[in-house]
Amino acid sequence: MCPKTPHGDCPLEETACHIISSIAGKRVLITGCASGIGKTTAEVFAAHGVHMVICDIQDKVGQSVASEISSKNPNTKIKYQHLDVTARSECHAVVEAAVRFLGGLDSLIHAAGHIHQDVAETITESEIDHMLDVNIKGTIFMNQAVFPYLKTRGGTILNFGSDLASEPLPLLAHYAASKGAVQSFTRAIAREWGKYGVRVNAVLPAVLTPMIDGYRENLETEDVAGHDVFMNDRICLGEKFGDVEIDLVPVLAFLVSDASCWITGQLVPVNGGLSLTLVFRQNPG
C-alpha cells in the first residue's frame, strides 16, 4: 500500500504510485469514462493530482463517475462532457471545452470503443459501419481534434489497440479488423506528428473489464470454460487477466509522463505475455 493519495489508501506498490504521482498537475482528456479502463484511469489519476475532462456517450453514468471522483478529490479539477465519438463536430467541441476548463491540454487517453460479437459470415452492414465509426473514425476524429493544441507545445496521445488484431478470437472478426486499423493509424500519425513533439502510442491491454465479461457472457456455457482455459494458458504472468488499476494504469501514466519522452509510434502490449504463447491442441482423432 502506498500512502501518497489524499486518503492514504492507494492499493498500488510504491513504485507504481510514484510513476502516477509524477504526472500530477497534467491536464488530460479521457474518453470512455463510464466504465472499464476509462473510468478506472480517471479515478486513479484524480487521486494522484491529475486534472481532467472525462467524456462518454452515457451521460447519467458519466456524470455520476465525475461527481464521485470530484467528491473524493476536491483539489483536483474534473469535469464531465457528453461525447459521441462518431460525430466529428462533437469531438472538436469537447476538446475546445476541455482546453478552456483546464487552461490547456497535455494528453489524450482515448479509451472509448465498441465491441460486438457475431460469426463472420452474418455480420451486417450496419454493424460493420457502427464498429468502424466508433473504433476507427472515432479514434481519427479525437486525435485530429487534440492535435492543434498539442502541436504548439508537445504532448501525448494514447489510443487502444488489441492483440486480437493479429490473433483474433471467434465472433470478433470485425472488432479485430477495427483495432488493426487503429494500430496502423497510430503508427502513421506518430511519424507525421513527431516533428511537433507529439507522441502517439497504442496500448494493447489484456485486463479484466466489463467488455471481457460481456464477451464471456455471450458464449455458450461449454465455450466459456474453454475460453478461460485457452486465455489463461496463454498469459505467462499469473495465468489470468490483469487488473486495470494495478497492471495497466501505471503504464498509461508512464506513457503520459516525460519519462517516456523517447517513445512514440509503438504498440505497447500490457498483457502478461499473452502474445508470446500459442496453445497447440492435439486432435485426438
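The numbers here are math on the coordinates, done by the rules we state, and not lab data. Just so it is clear, the model here is predicted, and its values are computed rather than measured. So basically every Cβ, Gly included, is an ideal-geometry build from the backbone, and we count neighbours across all protein chains shown.
Per-structure values
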read-out: Entries in Lys39/Lys77; Lys26/Lys151; Lys26/Lys72; Lys26/Lys179; Lys26/Lys240 that, when Cα-Cα distance is taken, lie over 23 Å; value: Lys26/Lys179; Lys26/Lys240
read-out: Karplus 3J(HN,Hα) series, Hz, for the range 199-205 with 6.51 cos²θ - 1.76 cosθ + 1.60 (x for Gly, Pro); value: 9, 10, 10, 10, 9, 10, x
read-out: Integer Hz, Karplus 6.51/-1.76/1.60 couplings in order for the range 39-49, x for Gly and Pro; value: 5, 5, 4, 4, 4, 6, 4, 4, 5, 10, x
read-out: Sparse-neighbourhood loop sites, GluC sites (Glu not before Pro) in the range 33-131 - DSSP loop, at most 13 other Cβ within 10 angstrom; value: none
read-out: The range 22-114: relative contact order as a whole-number percent, Cα under 8 Å and 6+ apart; value: 37 percent
read-out: Long-range HN-HN contacts of His51 with modeled amide H, under 5 Å; value: Gly25, Lys26, Val28
read-out: For Val200, residues with placed amide H under 5 Å, excluding near neighbours; value: Ile157, Gly265
read-out: Phi to ³J(HN,Hα) by Karplus 6.51 cos²θ - 1.76 cosθ + 1.60 over the range 173-179, Hz, x for Gly, Pro; value: 4, 6, 5, 4, 4, 5, 6
